[in-house]
Amino acid sequence: MIRLSFITPLALTLLALIPALWALTLLTPRRLAPWRFWSSLVLRSIILLALTLALAGTQIVLPVRELTTVFLVDVSDSMTPAQRERALQYVNDALAAMPPGDQAAVVVFGDNALVERAPGPIGPLSRLTSVPITTRTNLQEAVQLGLALFPAETQKRLVLISDGGENAGRVADAAQLAAIRKVPIDVVYMPGERGPDVIVAGLSAPAVVREGQDLTLQANITSNYATSGRLQTFVDGQLIGEQELSIPEGASTIDIRVPSGETGFRRIEVRLDADGDTEPQNNRGAAFTEVLGPPRLLLIASNEARAVNLRDALRAAEVRVDVLPPDQAPATLDQLGAYAGVIIVDTPARDMPRTLMEALPVYVRELGRGLAMVGGIDSFGAGGYRRTPLEPVLPVLLDPLDTKQQPDLALVMVIDRSGSMSELVGGSRRNRLDLAKEAVYQASLGLTPIDQVGLVVFDDAANWVLPLQRLPSVVEIERALGSFGIGGGTNIRPGIEQAAQALASADAKVKHVILLTDGIAESNYSDLIAQMRAAGVTISTVAIGEDANPNLVDVANAGGGRSYRVTRIEDVPRIFLQETIIAAGRDIVEERIEPQAGLPSPIIRSLGGLPPLYGYNGTEVREAARTFLFTPDGKPLLAQWQYGLGRVVAWTSDAQGRWARDWIAWDQFPRFAGGMTDLLLPPRESGTLELRATAAGPRALIELTAQDEQGRPLNNLVIAGRAVDPQNQGTAVQFQQIGPGQYRAVVDTSSPGVYLAQVAVSDAEGRQIGVAVTGIVVSYSLEYSAQRENLPLLSDVAGISSGRINPPPDVVFASPNQNVGSVREIGLPLLWLALLLWPLDIAARRVMVRMDDVAPWLERLRRRRPSSVAAPEAASTMTRLGAAKRRAMIARTSPNRAAASSEQSVTPPVMTQSRQTPPPAPESRPSAPASGASETRARSSEKRPVSPEATEEQFARLLAAKQRARRKSEER
């Protein structure tokens, strides 16, 4: 059925002007003829209607009967090859029955959805070529993509072919959207055809155990056949036991006992190897358990000797401590979760693995654990921690705030890129030049935004790669380092010369050059070194290899810098950073100081007098941090702040004995180390909080039990919860109280991997009760679980969208009788209609046309037709009409003239003559002038021949005069 639609229906309110127009017109006195009046009124109404409909964006909607059907084919791993073949056969059978004019499309899906065929008159499919992610089934994604594919001007239908095993997304929401759009979803159920399969349905473990207790685990196993197998048990990735077992058909439970181990977070995993199993993906299960006991800390030190003193002091304070080098430290959250805190002891940033650097902020922020950094010559800014993931975590700023008292540095690095720098290092694919580039980057980490840096490279000649400028961004530095490669010979002078020229005009308090070269070159630049030294520019040299020029030592001595001979090329980046720090003179302060107490703290008050320190790392305390010890000039020595759910502590002096030798020998040092641990770890009330996670399909239930010391439930608590997914992305967790002391939250765990949850609990007054941590491991996708088919879910989808269940292929293209139309815009035609009717309305009201007005024009047109007889007849008629007109005028003037005129018109010759010569004047007129004029006109007439055109013109004038006379008489 044809109908109208409007883009801006609000404009239809202007239709109210039409009744107003009629009312105003009918109430106004009429001055037009009736036909003019009604014609004008109707035309105006039509014009107003057309304009209003055009403003409203009027569209004509024509009914559409063509149908577009989109087939959604499940190709996830839960669909066996036989099921996929049946699904493809169903699609081809339906396409064979597709009526002419209809269209079809095919979408294949698993975890994501892909378009196999776009809407169109497609033919049978030999196979499905699109390859989505098949480890999960996301029906919602498929339905949403199918809805997006439909052309606007067709009837629409979705056909969902699946086993219904949804384990990602919510297809019910997509079905509601389809119902709103009136698109039915027909479902075709493909039941599973599984082979022999043994499944580890889950692993149960206690949430919390005491240190020294055994863990009692239960492995839940489901099998569709009887078999035997071997079960292995792992704790924190280490195999601790295995057992042979007989597996019955159906569900069974296996009890496992393992020792709890040390204090911390334990990850327990079981793996089952079953005979005859066709799907090993689902033969794993894992769980988390927290072992309560004395706190356990991890000390990370690239040089273990620097951490020995702190390790011994912490152990004396009854703290469990593990010391590991950076490359052996755990770098994942579940492994780091075994420790209550991590302490980085005088370790350079370049030795820290990138994964560990990125995991530690999440470890503190999301899990509520502790992190501390202990100072030294390779720590804080001196260790290259600027612009690293750990910099924003620290409670101190690595760049000084008081720039007036801190010197700014202008540093130019002169790098050899000759052919000898192409030698590979340590059997790796990196050459000497690659490590030199890394050294330049490391040197930039020792600079602050107030510093300047430049880079000159040389072989036979020298050129600027990074002109001397304020410290640029990391991206600009990396772009500059990637812009050059291996060159030719070696000539050091051009590089030194360009560096000297740039530093001569640089505005900086400290000006320094670092020269790196690996070959023998002519020492032809001693004059430049002397000039630089006189101008206050220092130079240090880094000689690579045993064959390096020995004169480089003299160059450094003459230039007021330091000389380094490198036999291990891997040391070059560290040397560059160290040299930059020494040249800047900011990050390390070595002098005797008396520590000053800051905020009151039990660990400081109980220590009494504090020994002196002989050096520290220069930093600035953050505004939100708390300072417990500081230097006489206000620089922080011991600071702490809250970072997310965890705490971070900074001790800017060392623990090796170079700066804190009096503290190491102090008998109160173990108490100080234990107090620093108290600052590091959050308060905890053992036994009052218990956090447990339970898998429930694609989600996990996080349950918290809170009790006081007497076992009474704690109600109305304030719970700040965070959950971390396998990609280390944290999200807030909202808890609701479900009973006395019982709280519950739901977390999405649809992706396989390790999920960790942490809560910080406070009472209504804001007093912190404690923290609790738990975790859950999704060992495999629910795509491989025991419950894969879900016919009730598919039935719900069909019911919500008014679809059908298992329709035969030949009725798939039956019309759903939707109210779909093809839209045609008519706004512009309506505007043209109004424009064309407007002149007609003006003509109906203003233009007065009579037949008498039209007759001359018609006559003129008729006379223009070629005819041999027309001219004499027209002349005769004109003569008679002219004579009649003159008689009428004379009659109105005087009876005598009327009579004379009638006498003259009796004879035809006189009429003919009157056309050529004016008639003689009556005797009553004055004789002399009138007769002279008449004679003159008569002579003039005789000389001019009478043409048909002149006759017509005379006739027109006479006729116009007649009409004017008639109007005047009518008006009288």
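Some notes on this structure:
- Pairs, first in the same structural domain as residue 337 (by TED's automatic domain parsing) in segment 254-280, second surrounded by fewer than 18 Cβ atoms within 10 Å (Cβ to Cβ), C-beta under 6 Å, six or more apart: none
- Applying the criterion of being surrounded by 11 or more Cβ atoms within 10 Å (Cβ to Cβ) and β-branched (Val, Ile, Thr) to the residues of segment 7-28, the residue that is farthest from the chain's Cα centre (by Cα) is 25.
- Taking segment 706-742 as the range and being surrounded by fewer than 16 Cβ atoms within 10 Å (Cβ to Cβ) and not in a loop (DSSP other than H, G, I, E, B) as the test, the residues that pass are 713, 718, 731, 732, 736, 738, 739, 742.
- Elements of type helices (runs of 4 or more DSSP H) in segment 1-112, at least 3 residues being touching a residue at least 60 places away in the same chain (Cβ under 8 Å): 34-55, 81-96
- Residue 205 small (Gly, Ala, Ser) and within 30 Å of residue 84 (Cα to Cα): no
- The residue that is surrounded by the fewest Cβ atoms within 10 Å (Cβ to Cβ), counting only those in segment 514-550 that are farther than 17 Å from residue 460 by Cα and among the β-branched types (Val, Ile, Thr), is 538.
- Qualifying residue in segment 145-162 (condition: of a type in the set (Gly, Ala, Ser), over 31 Å from the mean Cα position of the chain (by Cα) and in the same structural domain as residue 80 (by TED's automatic domain parsing)): yes
- Filtered residues of segment 760-788 (kept if more than 37 Å from the chain's Cα centre (by Cα), assigned to a strand (DSSP E or B) and at pLDDT below 80): 768, 770
Rundown of residues vs (1) farther than 28 Å from residue 721 by Cβ; (2) outside the structural domain of residue 619 (by TED's automatic domain parsing); (3) at pLDDT 90 or above, yes/no style:
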residue	(1), (2), (3)
342	no, no, yes
349	yes, no, no
352	yes, no, yes
361	no, no, yes
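- The residues of segment 321-372 that are in contact (Cβ under 8 Å) with a residue 24 or more places away in the chain and polar (S, T, N, Q), listed by number, are 332, 335, 347, 355.
- For segment 633-658, the candidate set comprises residues that are without any contact (Cβ under 8 Å) to a residue 40 or more places away in the chain and either farther than 28 Å from residue 367 by Cβ or among the β-branched types (Val, Ile, Thr) (or both); within that set, the residue that is surrounded by the fewest Cβ atoms within 10 Å (Cβ to Cβ) is 633.
- Of the numbered criteria (1) crowded, with 17+ Cβ neighbours inside 10 Å; (2) more than 22 Å from residue 511 (Cβ to Cβ); (3) over 32 Å from the mean Cα position of the chain (by Cα), the one residue 481 fails is (3).
- Selected residue (only one of 702, 769 is of a type outside the set (Lys, Arg), farther than 29 Å from residue 649 by Cα and crowded, with 18+ Cβ neighbours inside 10 Å): 702
- Selection of segment 29-75 for residues being under 30 Å from residue 810 (Cβ atoms) and modelled with pLDDT under 85 yields 62, 63, 64, 65, 66.
- The lone exception for residue 511 - which of (1) charged (D, E, K, R); (2) surrounded by 15 or more Cβ atoms within 10 Å (Cβ to Cβ); (3) over 47 Å from the mean Cα position of the chain (by Cα) it fails: (3)
- Scanning segment 551-588 for residues that are surrounded by 16 or more Cβ atoms within 10 Å (Cβ to Cβ), in a strand (DSSP E or B) and either under 41 Å from the mean Cα position of the chain (by Cα) or not basic (Lys, Arg) (or both) gives 561, 563, 564, 566, 588.
- Among residues of segment 659-671 being of a type outside the set (Gly, Ala, Ser) and crowded, with 22+ Cβ neighbours inside 10 Å, the one that is farthest from residue 318 (Cα to Cα) is 659.
- Of the residues contained in segment 423-441, one or more are found to be at pLDDT 85 or above, surrounded by 20 or more Cβ atoms within 10 Å (Cβ to Cβ), within 23 Å of residue 504 (Cβ to Cβ) and touching a strand residue (DSSP E or B) at 6+ places or on another chain (Cβ under 8 Å).
- Test: residue in segment 175-189 that is of a type in the set (D, E, K, R), surrounded by 15 or more Cβ atoms within 10 Å (Cβ to Cβ) and under 30 Å from residue 82 (Cβ atoms): yes
- Residue within segment 296-309 that is surrounded by 15 or more Cβ atoms within 10 Å (Cβ to Cβ), closer than 27 Å to residue 331 by Cβ, touching a residue at least 60 places away in the same chain (Cβ under 8 Å) and over 47 Å from the mean Cα position of the chain (by Cα) present: yes
The values are calculated or read from the model by the stated rules, or taken from the named source; none is laboratory data. All values reported here derive from a predicted model rather than from experimental measurement. Methodologically, a virtual Cβ is constructed for each residue, glycine included, from the backbone with ideal geometry; neighbour enumeration extends over all protein chains shown.
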